[in-house]
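Everything on this sheet refers to the single structure shown next.
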Amino acid sequence: MPSAAPSFSTEAVEVLQALTEASPLSEEALEDPDSPQYKAYLWLIGPAGQAKENPSRTLQRFALATLFYSTGGDEGFWTRSDGWLTAADECTWFRQPPSENSLGGIAFEELCDNSFNVRALLLRQNGLRGRIPPEIGLLESMRELDLSENSLTGTIPRLELMRVTFLNLLDLSSNSLEGALPIPTSEDYFGELQSQSYNSLFELRLNDNNLNATLTDYHIASLSSLSWLDLSRNSINGEWPIDGMDQLSSLQELSLAELFFSGSIDDTIWAAWKNLESLNLQNSGLGGTIPDFIDEFSNLRTLDISYSSRRRKGNPNDFFGTIPESFATLDNLRGFWFQANRINGSFPEFLMDLTNLQFLIGTDNELSSTIPPSIANMTSLKNFEFQGNSLSGRLPTEIGLLSDGELREFKVGRNQLTGPFPT
């Protein structure tokens, strides 16, 4: 245990001992007068810290104070910090309201629950900069942690977060975080963290960071409770099929865009994803065929398997073969992007029956035949782009019926089509 200064009271020494016993990683930092942990300790034993008045909440107040000092709160970087590090009950300190887009969120109206335990720490887009301290793991009853859209750097305290076993939502997206993913490796899962980590995690968003990982090193099956997963725009790689991906059968939204995978998605994994509403694999490096049982994806609203060289990250995709006719039953589909792959066969006329489809983008593939007159059925269509295929024949005059509707882009260059654009 670090030695306390001689002027510290007996109560202050007892607080210091309690902190180092509860958080061994804090011990060294508590010896450094410039560390966020030491600053949090001094605040805690002062009048505003209330350590003597509320000993049962000492660890909670210490964890929050350490986060505040570690992310520039004391330097005025936080956009809002109402109540933070005052003598007021920490349950009244500022936090944002729950996100309307949250699937897994419990949507607590206050920072704490009725037992005065921190449950929802929501500080997205609040000017935080610096590192997430390991003391975040002291908030053992936390259900929601959202630190997205800030300027956080360094590595994620992954082991400490994985011990917050009731966590429902973890959103660290749109920062500058580096290093490993806060996901159990096989060693973690079958070691001391077995059956403890992320039993209740519904929503995991790590997109738009600088995380570097090989996904095959992680125990993906431990995330089987997930409904939303977004790893897009990081330096993540791995050879597919990846063990455990077929265990994510509760997923409703999956985004793996602009990553560095290789290999194909097999039918076992496709079959596990039937509950998806949104699948984004743009520039992921993945390939394979679209399964014949795609009609079982009855909730699917958007499907993006495209590649775009204009994107800043990611590997080219390699989806090939024909589009299954069972696609025509996906009445909820609003967008289908599959440009720059090897999709072949005749132009999929059956897609013209998807009257709710707004975006149909198949540029740079190997489609042949012509555009059918039934395109007039697509009354919701906004963007239709099929440049760079092998389409031929005359443009149907029925296209003109869409010009009075939602249509904004109609691009069919670099084909062998003839005739004027109908108006």
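The values are calculated or read from the model by the stated rules, or taken from the named source; none is laboratory data. What you see is a predicted model; the values in this text were computed from it and never measured. We place every Cβ from the backbone using ideal geometry, glycine too, and count neighbours over all the protein chains shown. Side chains included, ligands, DNA and RNA excluded: accessible areas come from the protein's heavy atoms. Shrake-Rupley method; radii C 1.70, N 1.55, O 1.52, S 1.80 Å.
Quick rundown of the values:
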quantity	calculated
Test: residue in the range 285-306 that is in a loop (DSSP other than H, G, I, E, B), at positive phi and open to solvent by less than 20 Å² (accessible area, probe 1.4 Å)	yes
Residue satisfying condition, being assigned to a loop (DSSP other than H, G, I, E, B), open to solvent by 40 Å² or more (accessible area, probe 1.4 Å) and among the small types (Gly, Ala, Ser), within set Ser250, Ser200	Ser250
Members of the range 246-277 that are in contact with a Gly (Cβ under 7 Å, 6 or more places away or on another chain) and touching a residue at least 60 places away in the same chain (Cβ under 8 Å)	none
Residue satisfying all of: in the range 161-193; over 22 Å from Ser227 (Cβ atoms) and among the small types (Gly, Ala, Ser); modelled with the lowest pLDDT among these	Gly191
Long-range neighbours under 6 Å by Cβ, at least six apart or interchain, first residue aromatic (Phe, Trp, Tyr) within the range 312-336, second open to solvent by 30 Å² or more (accessible area, probe 1.4 Å) and part of a strand (DSSP E or B)	Phe320/Arg342
Hits in the range 152-189 - residues which are open to solvent by 30 Å² or more (accessible area, probe 1.4 Å) and either among the charged types (D, E, K, R) or touching a residue at least 60 places away in the same chain (Cβ under 8 Å) (or both)	Arg158, Glu160, Arg163, Glu178, Glu187
Meets criteria (open to solvent by 20 Å² or more (accessible area, probe 1.4 Å) and under 24 Å from Phe94 (Cβ atoms)) for Gln17	no
Positions within the range 379-402 being of a type outside the set (S, T, N, Q) and under 37 Å from the mean Cα position of the chain (by Cα), in sequence order	Leu381, Lys382, Phe384, Glu385, Phe386, Gly388, Leu402
Single residue of the range 25-38 satisfying the filter (part of a helix (DSSP H, G or I) and surrounded by fewer than 20 Cβ atoms within 10 Å (Cβ to Cβ)) that is modelled with the highest pLDDT	Tyr38
Strands (runs of 3 or more DSSP E) enclosed by the range 320-423 - at least 3 residues per element that are of a type outside the set (Phe, Trp, Tyr)	342-346, 366-368, 392-394, 416-418
Enumeration of residues in the range 96-141 that are part of a loop (DSSP other than H, G, I, E, B), modelled with pLDDT under 95 and hydrophobic (A, V, I, L, M, F, W, C)	Leu103, Ile106, Ala107, Phe108, Leu111, Phe116
